[in-house]
Amino acid sequence: MSAKQSENSLELLFYPRNIAVIGASNTAGKLGYNVFKNLLSHNYPGKLYPVNPGADEIQGIKAYKDITDIPENIDEAVVIVPARNTPEVIKKCCAKGVKFVVNEVAGFSEIGQAGKAFEQEIRESLRNSGTRMVGPNCSGLINTHHEMVQSLGIVGSLKKGNIGLIAQAGVYAAGLLWGFSRTMGFGIIATVGNKLDLNETDILQYLGTDKNIAVIAMYLEDIKAGRRFIDVAREITQNKPVIVLKGGRTDVGRKTAASHTASLAGNAAVYNAVFKQSRIIQANSYRDLFNITKAFSKQPVPKGPGVLLITYTGAMGVTSTDACYEKGLRLAELSETSINYLAKVIPPYVTAKNPVDLTFDQTPEQVADIINICVKDEDVSAIVIIIQAELTDRYVDNINKLNLQGKPLMISIPARNFAIESVIKMEELSFPVYDAPETAVDMLAKMYWFYQQNHP
């Protein structure tokens, strides 16, 4: 690779000591304003260098007319200028020795020949330099462990988390932050756009080494280097789960992807085979992607197929049981000690067995006591509880006192949207909450599959 940096040396991309923002602005509403405002408001700890030929200061920080005017070496430059000006800007970044460029500009190969010509100019500048680039047509990087937010849209407070998200489409990642910021903790979010240089495999490889990241979620419209992707993913999935939502699975979807990020989305059967070889968990929708990611980020994986089901309605106990057996799990066999305990605390008109049907008499205290007894059984590897939405707030205190013996607990609250504040409190305590119990079971099944792949 001659002067090129190693594919593994992306530390300064995600933990830069300084950032130059080329196209930073004082005009509220402009993208250059938003990016610089995000870096300031999130208290980025490094040095910031706004670059704008028409300003002496940007948002109170000394500005420079050109990247070459900055006296220090630059770890990272975020570029937000018109597409036609970008090749010259990046040429200067390469000459300056900037280590990484994050190109957040649209108007390249996704729009046709003129954009492709711009990309070719940029490619020539990068080829013989040590500079690496993310983008173009991306929405920047976020690293909550480094207080670094480069998003094109204004982003409010974010809590540190253990999720790494790679999104080919920038707005796909940034647009979801607001909704998930209270219930999911993101560590690093990388949007890769058209992937002229650095691609999803490069970022995936880095996230596999970052100690702040425990689970990796990806939205992809194509994969640049399939063989390398398989090798990297197989290495990472020995330790960290990787969940992928593949866009462009249909003919029309592939055409849409091509106009979105200049992707060649490929054949769905080929991608299915790639993901299977790589031990990757596939998601079917954005909701599925984040449901799975949430489960892995908050709870340990089950080490066996046995599930303890606790419900207040027999019908949902039945459908949850069906889901277990359809997904490769089963009802856990309870010990005599547990059965005898259940016989004392459940209503006299139901049988002491798994699933545990407590009827509408179910109370948070009762559920906590049953879990603390039954979780000790060797065959119980995971727990699903189904609770009434109107009682959710009462469960928060009790559920946080459980000794789960290192086993995962999933919660189903039908009509969860009507108790959303209490649901958020539960998820802040690291207990995933789903509306349908079948969804909770499905999450456990995917987690158990991941465990089995690494413990054959």
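The values are calculated or read from the model by the stated rules, or taken from the named source; none is laboratory data. These numbers were taken from a predicted model, which means no experiment stands behind them. Every residue, glycine as well, gets a Cβ built from its backbone with ideal geometry; the counts of neighbours run over all protein chains shown.
How many residues does region 401-415 hold that are touching a helix residue (DSSP H, G or I) at 6+ places or on another chain (Cβ under 7 Å) and either surrounded by 15 or more Cβ atoms within 10 Å (Cβ to Cβ) or under 23 Å from Asp377 (Cα atoms) (or both)? Qualifying residue count, region 401-415: 9.
Take the conditions (1) in a helix (DSSP H, G or I); (2) surrounded by 15 or more Cβ atoms within 10 Å (Cβ to Cβ); (3) not acidic (Asp, Glu); Gly304 misses just one of them, which is (1).
Restricting attention to region 360-375, the residues that are in contact (Cβ under 8 Å) with a residue 40 or more places away in the chain and over 14 Å from Ile386 (Cα atoms) add up to 2.
Residues in region 30-86 that are assigned to a helix (DSSP H, G or I) and among the aromatic types (Phe, Trp, Tyr): Tyr33, Phe36.
Kindly indicate whether Asn137 is under 22 Å from Thr201 (Cα atoms) and touching an Asp or Glu at 6+ places or on another chain (Cβ under 9 Å). When the stated conditions are applied, Asn137 passes them.
Screening Ser430, Ser422, Ser412 for residues that are closer than 25 Å to Glu326 by Cβ and either within 32 Å of the chain's Cα centre (by Cα) or basic (Lys, Arg) (or both) leaves exactly one candidate, Ser412.
Inside region 416-435, residues that are surrounded by fewer than 19 Cβ atoms within 10 Å (Cβ to Cβ), part of a helix (DSSP H, G or I) and aliphatic (A, V, I, L, M) make up a count of 2. Candidates Ala117, Ala95, Ala106: the one that is farther than 11 Å from Asp197 by Cα, surrounded by fewer than 18 Cβ atoms within 10 Å (Cβ to Cβ), assigned by TED's automatic domain parsing to the domain that holds Asp66 and modelled with pLDDT under 95 is Ala117. Looking across region 125-141, the residues that are part of a helix (DSSP H, G or I) and at pLDDT 95 or above come down to Ser125, Leu126. Looking at Ala20, Ala83, Ala28, Ala63, just one residue is within 30 Å of Phe229 (Cα to Cα), assigned by TED's automatic domain parsing to the domain that holds Lys160 and small (Gly, Ala, Ser), and that residue is Ala83.
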